[in-house]
Structure formats: structure tokens, C-alpha cells
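Below is one structure; the comments refer to it alone.
The values are calculated or read from the model by the stated rules, or taken from the named source; none is laboratory data. Quick caveat, the model's predicted, so the values are computed rather than measured. With ideal geometry, Cβ positions are generated from the backbone for all residues, glycine too; neighbour counts draw on all protein chains shown. Heads up: the accessible areas ignore ligands, DNA and RNA and are worked out on the full protein's heavy atoms, side chains in. Shrake-Rupley method; radii C 1.70, N 1.55, O 1.52, S 1.80 Å.
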Amino acid sequence: MEWAPRTVVTTSLQMTSPSQLQPAGPMPGGVRFERLLAPTPEFVRWLYAAVGGPWTWTDRINWTRAQWVSDLALPGTEIWVAYADGAPAGYVHLGPSTDGDAEAVEIKYFGLLEHAIGRGIGGALLTHAVRRAWALAADHGLPPARRVWLHTCSLDGPAALPNYRARGFVEFAEVSKEETVPVEPLGAWVSTGGPQ
């Protein structure tokens with residue numbers, strides 16, 4: 001796999017009130033959302049790779065199992081999976097903010113598998129995620145949330161930023177920096193390059 005420097009633009013967005021949410025249209029038929037009550041690192045890593053592979057997500061691709069276990073054990077963490085016609089279609093990873101703000105909930109990861117893009121699932125899943133994010137602190141005994149935030153970057157899918165804006169998120173920061181990233185996305189089918 002070839003890697004090269006690239007300018008990556010990261011945009012941070014937030015809501016400071018549940019009233020800012022602009023819900024998406026009705027849930028598409030055959031779609032349901034299910035919380036993983038005991039998320040396994042293997043399944044969550046698979047979701048991360050399947051959703052992020054086509055968009056060059058690499059920040060956790062080399063994490064050890066122990067790192068995944070530790071992250072999933074953080075108080076207030078919730079993983080929700082979207083299913084379409086019985087198959088995984090996307091997921092959202094919610095949890096306490098990674099920016100040190102004890103009164104914030106972060107949408108850490110959000111996205112769809114390739115087969116689910118363009119079916120109206122993304123808007124419905126993000127609407128659900130925002131509602132859960134505002135309820136998360138009370139449900140987990142954490143300080144009340146005063147904001148829900150996330151970040152997206154130029155390595156995400158083209159519908160990501162428009163979806164966040166359409167649901168009512170407002171931009172509060174943008175950073176550009178050089179990062180070394182794969183020249184081509186990893187894809188949902190990551191190959192080790194070994195014998196076939």
C-alpha cells in the first residue's frame with residue numbers, strides 16, 4: 001500500500017441545545033437501529049473498517065484488541081448499529097468527549113456501509129444518534145451535556161458534512177494540516193497482500 005502526504009481539512013461541528021436538531025424524514029422501510037449492549041472489539045473494529053475503509057479512515061486500523069477493549073469500556077459509551085433488511089448498514093459510536101469537556105457528548109464515529117449509501121438511512125441514523133447523545137449523560141450517570149459535537153474531514157464521504165449541517169450542527173472550528181494517508185482508500189475489503 002502506498003502512502004503520501006495530503007492536506008486534510010478537519011471541520012468540527014456542534015449543537016448546544018436539543019432544539020437545534022432538524023430531524024430527517026421518515027425511517028426507510030426495512031431499517032432498524034439496535035444498541036450493542038455488550039459490544040465486542042471484533043465487531044466494532046469490523047464496523048469501523050467496513051464503514052471507513054472506502055474513505056481512508058486509518059486512525060484506529062492498527063489498534064490492538066486491548067486498545068479497543070479499553071475504549072469500549074469508557075463509561076457512557078454506546079454503539080448503535082443500523083440494520084437494513086437484516087444486514088448491518090452503518091453505525092454510530094457515542095461517548096464522553098475526547099476534548100476534555102466533561103459536559104460534552106461526542107459522536108466519535110458515524111457512517112454507512114457502501115451498500116446503504118443513498119437510501120435515506122444516514123439522515124435517520126444521525127437523527128437517532130443526536131437524540132441518544134442528548135440523553136446519554138442522564139442514562140449513564142454523567143454530568144448533564146451542554147453540547148453534542150463531532151468532527152468530519154476531507155477524507156470522509158461527500159455526504160457527511162451536508163448531513164451534519166442539515167441536522168442542525170453548526171461549525172465551530174476548521175483546521176488544515178498535512179497528514180500521511182493512503183494514496184487510495186483501503187476499501188471495505190482490506191487485503192494483507194499475502195498469498196491468494
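Structure notes:
- Subset of the range 38-63 that is among the hydroxyl-bearing types (Ser, Thr, Tyr) and modelled with pLDDT of 95 or more - its residue that is farthest from the chain's Cα centre (by Cα): Thr40
- Matching entry among Leu36, Leu21, Leu13 (being of a type outside the set (S, T, N, Q) and either without any contact (Cβ under 8 Å) to a residue 24 or more places away in the chain or surrounded by fewer than 18 Cβ atoms within 10 Å (Cβ to Cβ) (or both)): Leu36
- Top-ranked residue in the range 141-158 [being over 19 Å from the mean Cα position of the chain (by Cα) and either assigned to a strand (DSSP E or B) or surrounded by fewer than 16 Cβ atoms within 10 Å (Cβ to Cβ) (or both); ranked as modelled with the highest pLDDT]: Arg146
- From Ala173, Ala188, Ala133, residue being at pLDDT 95 or above, small (Gly, Ala, Ser) and closer than 19 Å to Ala82 by Cβ: Ala133
- In the range 128-140, the residues that are open to solvent by 10 Å² or more (accessible area, probe 1.4 Å) and in contact (Cβ under 8 Å) with a residue 24 or more places away in the chain: His128, Arg131, Arg132, Trp134, His140
- Any chance Leu161 is surrounded by 15 or more Cβ atoms within 10 Å (Cβ to Cβ), closer than 23 Å to Phe33 by Cα and under 14 Å from the mean Cα position of the chain (by Cα): yes
- Selection within the range 164-187 - open to solvent by 40 Å² or more (accessible area, probe 1.4 Å) and over 24 Å from Ser19 (Cβ atoms): Glu174, Val175, Ser176, Lys177, Glu178, Glu179, Thr180, Val183, Glu184, Pro185
- In the range 77-105, residue nearest to the chain's Cα centre (by Cα) [restricted to those that are hydroxyl-bearing (Ser, Thr, Tyr) and either open to solvent by less than 10 Å² (accessible area, probe 1.4 Å) or farther than 16 Å from Ala137 by Cβ (or both)]: Tyr91
- Lone unmet requirement of (1) open to solvent by 60 Å² or more (accessible area, probe 1.4 Å); (2) under 25 Å from Arg165 (Cα atoms); (3) touching a Pro at 6+ places or on another chain (Cβ under 6 Å) for Gly118: (3)
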